[in-house]
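What follows is a single structure, written as structure tokens, with notes after it.
The values are calculated or read from the model by the stated rules, or taken from the named source; none is laboratory data. Model, not experiment: these values are computed from the prediction. Neighbour counts run over all protein chains shown; Cβ positions are idealised from the backbone, glycine included. When the accessible area is computed, the model is the full protein with side chains, heavy atoms only, and any ligands, DNA or RNA have been set aside. Shrake-Rupley method; radii C 1.70, N 1.55, O 1.52, S 1.80 Å.
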Amino acid sequence: MPQLPSIADSARILLDLQQINEIAQTLSGCLIPEEIARTVTTGLIDRFDFAMARLWLLDTDQAMLRLVASAGLHTRTDGRFARVPLGAYKVGKIAQNRIAFLSNNLPAESWVGDRDWAIDNRIQGFAGYPLVAHDRVIGVLAMFSRHVLAPEFLEVLQTLCTIVTISLDTAIQYQQTQHSQLISTSQASELMLSEQLVTVLKTARLTLVGTERSLAPSIVYGFLKAAEVLSTVDCSYGRLIYSESAVSLEATVPTAKIAEPDAVRWLAASFDRIFPTSKHRDIQTQLSSDQKLLQIVLSVPYTSIVSPSILSEREVEILTLLTQGHRDRDVAEHLIISESTVKFHINNVLSKLQAKTRYQAIYQALSSGWI
């Protein structure tokens, strides 16, 4: 009989780890920090029945935490805790001190900013964990529960936070390098696609086959985004092919550089985040006999159809700035609006175009001749 609690605890931990693993698997191929954050917070709500889950990222100035995802009781990312100074409130202290924290009597904690909210919503447990990559704090993940949280849950949470931190750090680094790697589509008329690909696929040997021609901005944008994905897995060889009806990029990447066990599926999912539907591109893949190399051929037809815009003038302005490599904050400053307003317009665009990511939305807008 004395062993029963231990067995029960072990079973619960194993179940929690299984749920954590399922959340981690949904992060595969994602290179957008906000999307990673939303996937994680939503996953915690769905799989652990928390009342609320939130994720903050540390701004580049290292002084302020910015709320990028919230699921459960509150899904908006504006409001009182949209921006938390480092060292302020419990979330800011978790980031500053890099110490995970768990409480099972939240309303009684002296640091709680809104005790009535915790009581009204029957919140008992709170768990917060610092996201630390290479000795750098990049954010904080926090959960609010109506149930008591076992102390061992922090150990389980560490597993998730390690995976989330790696995914977020990769995505953040990826976005930062975009500004130097990606040449604005407004310069497409000055540089041919092969010249632009060389600046992205720096370590790859690139070959040009066929007579190069000017391409629609949407095609240039799509290929440069695809090249950025290939560059993250050390693409070693590339061949740009111009045929009668389509332009193709043939590439070879070492499978050892792709963390996911199914390299083909990971790459297809990455390209799906750029191109809205299969009619916009064709992907062919083939593994070498020793499974060490993956060959990809990405083909896009030359055809570009201009149709009446269904986007507002403001939405077009925002998409145009995004194609130039600006971040949401830069767009907000340029248009003299709030960052939350920028995100509101982007979400409207995604809804109108039935796009899953902003990359797909930009591609469709470019393809349709709206920007």
Restricting attention to region 324-360, report how many residues are in a helix (DSSP H, G or I), touching a residue at least 60 places away in the same chain (Cβ under 8 Å) and closer than 19 Å to CYS30 by Cα.
4
Take GLU228 and tell me if it is in a helix (DSSP H, G or I), open to solvent by less than 40 Å² (accessible area, probe 1.4 Å) and either in contact (Cβ under 8 Å) with a residue 24 or more places away in the chain or not aromatic (Phe, Trp, Tyr) (or both).
yes
How many residues of region 188-217 are surrounded by 16 or more Cβ atoms within 10 Å (Cβ to Cβ), more than 19 Å from THR252 (Cβ to Cβ) and at pLDDT below 85? The answer is 5
Is it the case, given these coordinates, that GLU315 is among the acidic types (Asp, Glu), open to solvent by less than 60 Å² (accessible area, probe 1.4 Å) and closer than 18 Å to THR77 by Cβ?
no
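Results for (1) under 30 Å from SER368 (Cα atoms); (2) modelled with pLDDT of 85 or more, shown as yes or no for each residue.
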residue	(1), (2)
VAL264	yes, no
ARG273	yes, no
THR277	yes, no
ARG281	yes, no
THR285	yes, yes
SER289	no, yes
ILE296	yes, yes
VAL300	yes, yes
Where the second residue is small (Gly, Ala, Ser) and the first is touching a residue at least 24 places away in the same chain (Cβ under 8 Å) and lies in region 73-90, which pairs have Cβ atoms under 6 Å and are six or more apart or on separate chains?
LEU73/ALA51; THR77/SER70; ASP78/SER340; VAL84/GLY92; LEU86/ALA63; LEU86/GLY92; LEU86/ALA95
Enumerate the pairs (first residue in region 40-65 and free of Cβ contacts under 8 Å to residues at least 40 places away in the same chain; second residue anywhere and assigned to a helix (DSSP H, G or I)) with beta-carbon separation below 8 Å, excluding pairs fewer than 6 apart on the same chain, so at least 6 apart or on different chains.
GLY43/GLU22; GLY43/ILE23; ARG47/GLN19; ARG47/GLU22; ARG47/ILE23
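I'd like to check something: does region 299-322 contain any residue that is in a strand (DSSP E or B), farther than 20 Å from ILE32 by Cβ and not small (Gly, Ala, Ser)? Before the answer, list the steps.
Taking region 299-322 first, the residues in a strand (DSSP E or B) are 299-301.
Among the residues that remain, those that are also farther than 20 Å from ILE32 by Cβ are: 299-301.
Retained after the next criterion (residues that are not small (Gly, Ala, Ser)): 300-301.
Looking for residues that are in a strand (DSSP E or B), farther than 20 Å from ILE32 by Cβ and not small (Gly, Ala, Ser), one finds at least one in region 299-322, hence yes.
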Could you list, ordered by first residue, the pairs with Cβ atoms under 6 Å in which the first is in region 243-267 and under 17 Å from CYS30 (Cβ atoms) and the second is in a helix (DSSP H, G or I) and at pLDDT below 90, at least 6 apart or interchain?
ILE258/TRP266; GLU260/TRP266; ALA263/THR255
Which one of VAL140, VAL148, VAL132 is open to solvent by 40 Å² or more (accessible area, probe 1.4 Å), under 22 Å from GLN25 (Cα atoms) and not in a helix (DSSP H, G or I)?
VAL132
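Among GLU260, GLU244, which is surrounded by fewer than 20 Cβ atoms within 10 Å (Cβ to Cβ) and modelled with pLDDT of 85 or more?
Details: GLU260 fails: modelled with pLDDT of 85 or more.
That would be GLU244, the only listed residue that is surrounded by fewer than 20 Cβ atoms within 10 Å (Cβ to Cβ) and modelled with pLDDT of 85 or more.
Residue-wise test of (1) under 17 Å from the mean Cα position of the chain (by Cα); (2) among the small types (Gly, Ala, Ser); (3) at pLDDT below 85; (4) over 25 Å from ASP282 (Cβ atoms).
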residue: THR303; (1), (2), (3), (4): no, no, yes, no
residue: GLU317; (1), (2), (3), (4): no, no, no, yes
residue: ARG327; (1), (2), (3), (4): yes, no, yes, yes
residue: TYR359; (1), (2), (3), (4): yes, no, yes, no
residue: SER368; (1), (2), (3), (4): no, yes, yes, no
I want to confirm something. Restricting to region 71-113 and keeping residues that are surrounded by fewer than 19 Cβ atoms within 10 Å (Cβ to Cβ) and at positive phi, which single residue is modelled with the lowest pLDDT?
GLY79
Pairs returned, first residue in region 125-146 that is closer than 15 Å to ILE36 by Cβ, second residue that is of a type in the set (Asp, Glu), beta-carbon separation under 7 angstrom, 6 or more apart or interchain, are ALA133/ASP169; ILE138/ASP169
Counting only residues that are of a type in the set (Gly, Ala, Ser) and part of a helix (DSSP H, G or I), which one in region 26-70 is surrounded by the fewest Cβ atoms within 10 Å (Cβ to Cβ)?
GLY43
